1. Whole-Hz ³J(HN,Hα) for each residue in segment 120-127, computed from phi via Karplus 6.51 cos²θ - 1.76 cosθ + 1.60 with θ = phi - 60°, x for glycine and proline: what do you get?
2. Under a crude label model (7 Å from the Cα following the beta-carbon direction), how far is Asp33 from Ser124 in nanometres?
Amino acid sequence: MLLIVMAINKDKGIEIGPHGYGELTQLHIPWVDVLSQPETRYEVLVYSPHCSYCLRLEGAVSNRAAATNEEPLYLVEATRELPFGAVDDLTECICETSRLKIPGYPLLIEIMSGCATTRILGYSAIADHWAKYD
């Protein structure tokens, strides 16, 4: 499987704090585990290293990673193996990875108690959501 998931989290070996964008790609977990991390609340950012809008989030990702009082952030690199598909309701609560579809990227997925509760699609919406970390 070519899907890469990375974690920014003290327990996973990267100290929470300011990091360069390239440093955030060191640790991997399988896609099937995205909804089953040990934390109750965390966020998952789906991105592509070739997407200009994703690259524009570099500063916001670093600021978000430096927010030590916030839940962990996991990054998923968009590959052909990702379950892309249309999504009618970005606020539908989904608790099974097999039902989780990616309508595009960048996409921020908020996870609570093993369920995707909200999906925020697009550079502007994600930047607005993370504006409090600037």
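What follows is calculated from the coordinates using simple rules that are stated; it is not laboratory data. The shown structure was predicted, so the numbers you read here are calculated from the model rather than taken from an experiment. In this analysis, Cβ positions are derived from the backbone assuming ideal geometry, glycine residues included, and neighbour counts consider all displayed protein chains.
1. Along segment 120-127, the couplings run 10, 9, x, 4, 4, 5, 5, 4 Hz.
2. Result for the modelled spin labels: 3.7 nm.
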